[in-house]
Structure formats: structure tokens, C-alpha cells
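Report on the following structure.
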Amino acid sequence: MYTKDGTSYFVVDSHVALWDGSPQNQANRYGKGFIECFYDYHRNLSPKEWLWPLDKFEKYSEADLIHDVFETGHVDRAIFQPAYLSDFYTTGFHQRERALALTREHADKLVLNDAWDPRDREAGLDRLEELAAVDGGLKGVKLYTAEWRGDSKGYKLTDEWSYRYLAKCEELGIRNIHIHKGPTVYPLNRDAFDVADVDDVASAFPNLNFVVEHVGLPRLEDFCWIATQEPNVYGGLAVAIPLMHTRPRYFAQIIGELLYWLDEDRILFGSDYAIWHPKWLVEQFVDFQIPEDMRSEYGELTTTVKRKILGLNAARLYDLQVPAELSLPAAEVVA
């Protein structure tokens with residue numbers, strides 16, 4: 001929870017990770033390049049006082065995560081969004097067993113999503129059923145459509161097997177489909193993160209929520225045009241929100257466009273920890289305001305809007321209990 005000027009914010013970090021990008025786990029030069037690209041995002045978009053040395057960034061501890069996210073980061077609940085990248089990392093980039101143990105230890109704080117890849121075909125469908133039976137089931141999955149798999153350098157949500165996996169999610173009650181549709185990461189191909197395939201599946205599966213992580217950057221306009229006609233499409237602010245620090249007017253444009261085309265109920269805060277620390281992101285977002293000369297087009301960021309984005313919207317998607325004193329009065333809830 002974060003309190004400023006008498007207002008308290010229930011914070012749900014909808015995008016955190018527990019990864020191992022260390023040299024010992026790098027399977028090849030692509031694994032090395034991937035984590036170094038992440039580190040470039042970290043050091044170029046973070047305030048200097050929040051920078052980590054590369055060796056800690058490559059592999060941090062469970063204690064680091066709990067301290068940074070919950071003890072100092074103002075976060076009430078956080079959601080793991082995994083990326084396995086098995087072609088680049090010997091034991092996978094996402095450390096599922098470590099994340100599962102941590103989630104069980106802190107069940108009141110952490111939600112563990114998993115992932116699927118349609119190129120796994122029947123075997124992957126069987127695994128998804130098994131995952132859905134663990135600890136009361138899955139509420140969400142994270143998809144990395146540009147992930148390399150042998151000779152394949154990505155897939156589309158509109159592929160035949162993707163449809164079968166989405167249908168299985170609906171059958172199993174896995175409602176929240178998070179999709180990396182944003183800036184490319186070396187060596188993945190930029191076009192494999194294109195947002196165009198979201199349009200089709202959002203129409204085909206109206207009972208699923210499609211959370212477009214990183215709001216489609218650098219294809220923000222394409223994303224907004226899709227989301228304005230598909231009410232089950234949401235925008236995740238991970239990667240976009242640290243631009244408050246380095247490009248505040250650009251971020252004002254991003255958040256302004258999202259509020260214009262979507263609405264304040266379909267935008268989710270995410271730190272992308274450990275690329276960025278949630279503490280400074282939460283504090284700067286609460287203080288952030290659209291510049292006065294841009295408000296005729298975009299309006300102002302109200303406290304109500306900030307409370308929804310920082311946590312209440314994600315809490316609704318994941319059925320997370322919000323303390324009564326941190327909920328919005330009925331008059332401020334948009335139907």
C-alpha cells in the first residue's frame with residue numbers, strides 16, 4: 001500500500017519475474033544477449049540510484065524480490081509472468097520451481113501464472129491441464145509469441161494450435177491471457193510481437209481477457225484501435241511506465257491515448273521487476289500529471305484513475321480481495 005496526501009492506493013504489480021540469466025544458465029550467445037538487452041532497458045530507463053550491478057541483475061534471490069516488491073516497493077499483491085526461453089537458457093529463464101515455492105510461502109502476496117506454447121501441440125495441452133490442477137488452478141498465462149523454438153522464430157495467436165490452447169484455457173477457467181506485444185528483445189524478431197493477431201482472438205473468445213503487455217509499443221496506435229472495439233482487451237503498462245522518468249511527455253501521450261481509446265478500467269500497472277523497482281514507479285506515477293498544454297486533448301490524471309490503474313483493475317481481473325478502506329466508493333466505480 002502507498003499513501004500520499006491522505007489517499008491510500010492498493011497496489012497490484014501485474015508483471016514480476018523470478019529469472020536466472022546468469023552465465024551458468026546461458027545455453028548460448030543468445031541467452032547472453034537477451035539478459036544484456038534487459039539490462040540495457042534497466043540502466044537506460046532507471047534513475048541512477050536504482051541501478052543494479054549486472055551480476056545481481058542476472059540472478060537475484062527470492063529475498064531480494066520479497067524485500068524490493070513488498071517490503072519497500074509499496075506492492076500489496078504481485079503476479080508472476082513467466083518466459084521460459086528454453087532455447088536460450090539451460091534450466092529456463094523463468095525459474096518455475098523457485099517461483100512456485102515462493103508463491104506457496106507467500107500465498108497472501110503472490111499469484112503464479114504459467115505459460116504455454118502452441119508448438120508443443122498435444123503434449124502442451126496435457127501439461128496445461130496438469131498446471132491447472134496445481135494449488136487450486138491457474139488464473140492466467142503469459143505468452144511470448146516471438147520465442148524461438150528450434151527452427152521456428154515465433155507463432156501467431158491465430159494459428160490453429162493457438163486456437164486450441166485458448167479454447168482449453170476457456171474450458172479450464174484460465175481467463176487472463178497476458179501477451180508480450182511490445183519492444184523487441186535481442187535476438188527475438190520484432191514482427192513476431194505484432195499486435196494484429198490480438199484482434200482476431202479477442203473477438204473469437206469474448207470470455208477471455210487479453211492483456212497486451214507493454215501496450216503494443218512501438219505499435220501503440222494499432223493497439224488502441226484494436227482495444228477500442230474489443231472490450232476484453234486490456235493494456236499492461238510494464239516497459240511503458242518507466243518512461244515517466246526519461247520521456248515524461250512521451251509517457252503523457254501514451255497514457256493519454258490509452259485513456260482516450262480504452263477507459264480507466266482496462267489499464268494495469270506492472271513494474272516488470274526486476275528490470276525496474278516498483279517503489280520509484282509507484283511514487284512517480286502518483287505524482288505524475290499530464291502537462292498542462294496537453295490536457296485540452298487528454299485531460300487530467302485523477303486520483304481515482306490512478307487508484308484503478310495501480311491496483312484495483314488487476315484486483316478485479318484476478319478476484320483479489322481489496323480491503324474496504326482501499327476500495328473506491330460506489331459512485332466512483334465505472335460500470
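Note down the accessible area of R98, probe 1.4 Å, to the nearest 10 Å².
50 Å²
Assuming R0 = 30 Å, can you tell me the calculated FRET efficiency for the pair D126 and N207, based on Cβ-Cβ distance, to the nearest 0.05?
Efficiency computed from Cβ-Cβ geometry: 0.85.
In sequence order, what are the phi-derived ³J(HN,Hα) couplings for the range 14-29 according to the Karplus relation 6.51 cos²θ - 1.76 cosθ + 1.60 with θ = phi - 60°, rounded to whole Hz, with x for glycine and proline?
Running phi through 6.51 cos²θ - 1.76 cosθ + 1.60 with θ = phi - 60° gives 8, 8, 10, 9, 10, 10, 10, x, 5, x, 5, 9, 6, 7, 6, 5 Hz.
Carbon-plus-sulfur fraction of the accessible area of the range 42-156, 1.4 Å probe, in percent? Don't skip to the answer; put the middle values down first.
Working: 2510 of 5190 Å².
That share works out to 48 percent.
Could you work out the helix-only [θ] at 222 nm for the chain, with each DSSP H run of four or more residues adding -39,500 (n - 2.57) and the total divided by the number of residues, to the nearest 500 deg cm²/dmol?
Values: 14 runs with 122 residues, N = 335.
Taking each H run of at least 4 residues, the total per residue is -10000 deg cm²/dmol.
For the range 71-126, report the accessible area per residue in Å² (1.4 Å probe, heavy atoms, rounded to an integer).
Numbers: 2220 Å² over 56 residues.
Per-residue value: 40 Å².
Classify the range 186-289 as rounded, prolate or oblate, taking a ≥ b ≥ c as the square roots of the eigenvalues of its Cα gyration tensor: rounded when a/c is under 1.5, otherwise prolate if a/b is larger than b/c and oblate if not. Write down the numbers at each step before the final one.
On the way: a/c = 1.84, a/b = 1.46, b/c = 1.26.
It comes out prolate by the Cα gyration axes.
According to the Kirkwood expression over distinct Cα-Cα pairs, how big is the hydrodynamic radius of the range 39-181, in Å?
Here the Kirkwood hydrodynamic radius works out to 16.8 Å.
Let a ≥ b ≥ c be the square roots of the eigenvalues of the Cα gyration tensor of the range 243-291; is it rounded (a/c under 1.5), or, if not, prolate (a/b larger than b/c) or oblate? Don't skip to the end; give the middle numbers.
Values: a/c = 1.97, a/b = 1.36, b/c = 1.45.
The shape class here is oblate.
Calculate the dipole size of the chain relative to its Cα centre from +1 charges on Lys and Arg beta carbons and -1 charges on Asp and Glu beta carbons; express the result in debye to the nearest 20.
On the way: 35 positive and 54 negative charges, 94 e Å.
Dipole size: approximately 460 debye.
Not counting ligands, DNA or RNA, and with a 1.4 Å probe, what is F93's accessible surface area in Å² rounded to the nearest 10?
In the full protein context, F93 sits at about 10 Å².
What full-extension length gain, to one decimal in nm, is calculated for R247 and R104 as 0.36 nm per residue of separation minus the Cα-Cα distance?
Values: separation 143, 0.36 × 143 = 51.48 nm, distance 3.83 nm.
Extra length available between R247 and R104 comes to 47.7 nm.
Write down the percent of antiparallel bridges among all DSSP beta bridges whose residues are both part of the chain, to the nearest 5.
That works out to approximately 25 percent antiparallel.
Averaging over every viewing direction, what projected area does the convex hull of the Cα atoms of the range 64-146 cover, in nm²? Intermediate values should be presented prior to the final figure.
Numbers: hull surface 24.7 nm².
Spelled out: convex hull of the Cα atoms, projected over all directions, averaged, 6.2 nm².
Considering only Cα-Cα distances, which of the following residue pairs are longer than 25 Å: K279/K308; K153/K279; K156/K306; K48/K109?
Result: K153/K279; K156/K306; K48/K109 exceed 25 Å.
The values are calculated or read from the model by the stated rules, or taken from the named source; none is laboratory data. All values reported here derive from a predicted model rather than from experimental measurement. Here the Cβ is made from the backbone with ideal geometry for all residues, glycine too, and neighbour counts use every protein chain on show. These accessible areas exclude ligands, DNA and RNA; they are computed on the full protein's heavy atoms, side chains included. Shrake-Rupley method; radii C 1.70, N 1.55, O 1.52, S 1.80 Å.
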